[in-house]
Amino acid sequence: MWLVLSLTVQAEDDFQYNPIGKRDPFQTFRVGLPPAPDTGLTAWEIDELRLVGIVDGLGPERAMLIDPDGGSWIVEVGDYVGRAWGQVVEIDDDSIHLREEYLDITGDGLVVKPYQITFEH
């Protein structure tokens with residue numbers, strides 16, 4: 001024996017999304033900025049990386065970072081680090097300075113966010 005039920009649901013107001021004037025939610029915030037080369041260090045957040053060494057006096061300053069998986073990376077001024085593509089802007093005696101640049105949520109303004117990774121003594 002089979003029992004068949006029929007159920008009808010009717011919505012009072014159907015929602016209609018209007019994308020006009022709205023940012024594409026699947027588009028990156030780096031839109032409008034020049035493409036950045038991937039150094040391999042963009043797989044981690046900046047605060048997950050450790051600064052373990054700095055070399056200066058032999059050409060351009062370089063720094064050695066250790067990722068959470070134990071891999072070591074050499075970076076110079078101009079390299080990109082972190083998931084939000086922070087660019088190394090300076091390497092000094094005990095830290096590296098980075099700057100993330102991305103468009104704000106409206107897509108109209110540029111947000112600049114500085115970071116610093118300090119040497120672990």
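Since every read-out is calculated from the coordinates, none of them should be taken as a lab result. From a predicted model like this one, the values you see are computed outputs, not experimental measurements. Every residue, glycine as well, gets a Cβ built from its backbone with ideal geometry; the counts of neighbours run over all protein chains shown.
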*Sparsely packed GluC sites (Glu not before Pro) within region 55-121, loop by DSSP, other Cβ within 10 Å at most 15*: E120
*Give, as a single signed number, the net charge of other residues whose beta carbon lies under 9 Å from the beta carbon of P114, with Lys and Arg counted +1 and Asp and Glu -1.*
+1
*Once both labels are modelled 7 Å past Cα along the beta-carbon direction, what's the V89-I20 spacing in nm?*
4.0 nm
*Hey, fewest Cβ within 10 Å first, where do I46, I117 land in order?*
I46, I117
